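Here, each number is a calculation from the coordinates, and none is a lab measurement. Because the structure is a prediction, the values reported are computed rather than measured. Backbone-built Cβ (ideal geometry, glycine too); neighbour counts: all protein chains shown.
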Amino acid sequence: MSGELGLADIGLPEEATSDLAADQVARIGAVLNVDHVPAKDQPLPLLWHWGFFTPVVPTTALGADGHPVLAAGPLTPYPRRMWASGTVEAPGYLVVGVAAVRSTRLLDSKKVQGRSGELCLVQLEHRYQQFGEEQLVEEQTLVYRKAGAAIPLPVGDLRPEVSRAQWREDHTLDSPTLFRFSAVTFNSHRIHYDQPYATSIEGYPALVVHGPLTALLVAEAIRTKAGRPLDRFEFRASAPLFVDLPFAIVGTSGEAPEAHVVRNDGLEAMHVMARLMPR
């Protein structure tokens with residue numbers, strides 16, 4: 001299928017630019033409840049670049065789901081879309097308030113059979129340059145699927161036990177947090193803020209927590225506990241999280257920390273492997 005699909009079919013340009021404005025960085029920090037937000041000319045924490053380089057389309061070009069309408073093409077049979085996994089490597093780091101360029105290319109696309117039926121997996125590569133040098137290399141796997149059966153609400157109040165070598169953070173995200181993250185990432189997918197749409201049209205039991213928001217919370221937990229920045233982050237989402245339902249991040253310390261995001265029903269929602277920047 002890779003020969004049939006192009007970046008235009010996904011709605012992404014081959015190149016995008018951003019000045020990584022400090023006021024936008026402050027908004028990202030506010031959503032994440034970060035005490036110390038980097039200022040102009042300071043390093044941008046890993047994954048915070050997700051608040052930049054987002055496609056800008058007119059509101060009139062949005063579809064019923066809130067996503068930009070894609071041109072008729074290979075993805076037409078797959079109206080549902082999600083960001084399933086990704087890896088970010090940082091040979092350098094982006095700096096706040098300095099113009100940066102993102103170059104994107106399509107690595108692969110293929111049809112597979114999943115639990116919910118036929119899926120289309122799309123793998124992208126983003127390379128970010130600043131000061132004429134490559135600072136980040138990112139791979140994303142996007143999943144496009146057909147409409148599926150309704151998903152039940154997770155039931156339970158599990159709080160995972162942790163060993164002496166582990167740490168745990170407990171979270172419950174409310175609808176203002178989801179709305180603000182949608183705003184700061186310019187993501188208008190209605191499953192994150194429109195409950196009637198999320199439940200009656202897409203079959204979710206409640207508003208859905210953004211996968212990138214979950215990943216950012218994990219990255220910030222690791223960075224804060226280590227007291228050092230990250231230079232690699234890999235995540236794989238396996239189950240959705242929902243608004244107003246608790247979940248836990250259980251992680252390990254060390255140079256290559258690992259973390260699991262566990263829902264209130266005990267199901268793993270995300271698995272993360274990271275690496276701290278050398279001292």
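Among the residues of segment 203-217, is any at negative phi, assigned to a strand (DSSP E or B) and in contact (Cβ under 8 Å) with a residue 40 or more places away in the chain? There is no residue in segment 203-217 that is at negative phi, assigned to a strand (DSSP E or B) and in contact (Cβ under 8 Å) with a residue 40 or more places away in the chain.
To keep it simple, each residue is scored yes or no on (1) in a loop (DSSP other than H, G, I, E, B); (2) touching a strand residue (DSSP E or B) at 6+ places or on another chain (Cβ under 8 Å); (3) surrounded by 13 or more Cβ atoms within 10 Å (Cβ to Cβ).
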residue	(1), (2), (3)
25	no, no, yes
30	no, no, no
38	yes, no, yes
64	yes, no, no
81	no, yes, yes
92	yes, yes, yes
98	yes, yes, yes
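Of the strands (runs of 3 or more DSSP E) entirely within segment 230-279, none holds at least 2 residues that are under 25 Å from residue 142 (Cα atoms), in contact (Cβ under 8 Å) with a residue 12 or more places away in the chain and out of contact with any strand residue (DSSP E or B) (no Cβ under 9 Å at 6 or more places or on another chain). If you go through segment 202-228 and pick out every residue that is out of contact with any Leu (no Cβ under 8 Å at 6 or more places or on another chain), within 14 Å of residue 249 (Cα to Cα) and surrounded by 19 or more Cβ atoms within 10 Å (Cβ to Cβ), you end up with 3. Of all residues in segment 115-125, those satisfying the criterion of being free of Cβ contacts under 8 Å to residues at least 60 places away in the same chain and surrounded by 13 or more Cβ atoms within 10 Å (Cβ to Cβ) are 116, 118, 119, 121, 123, 125.
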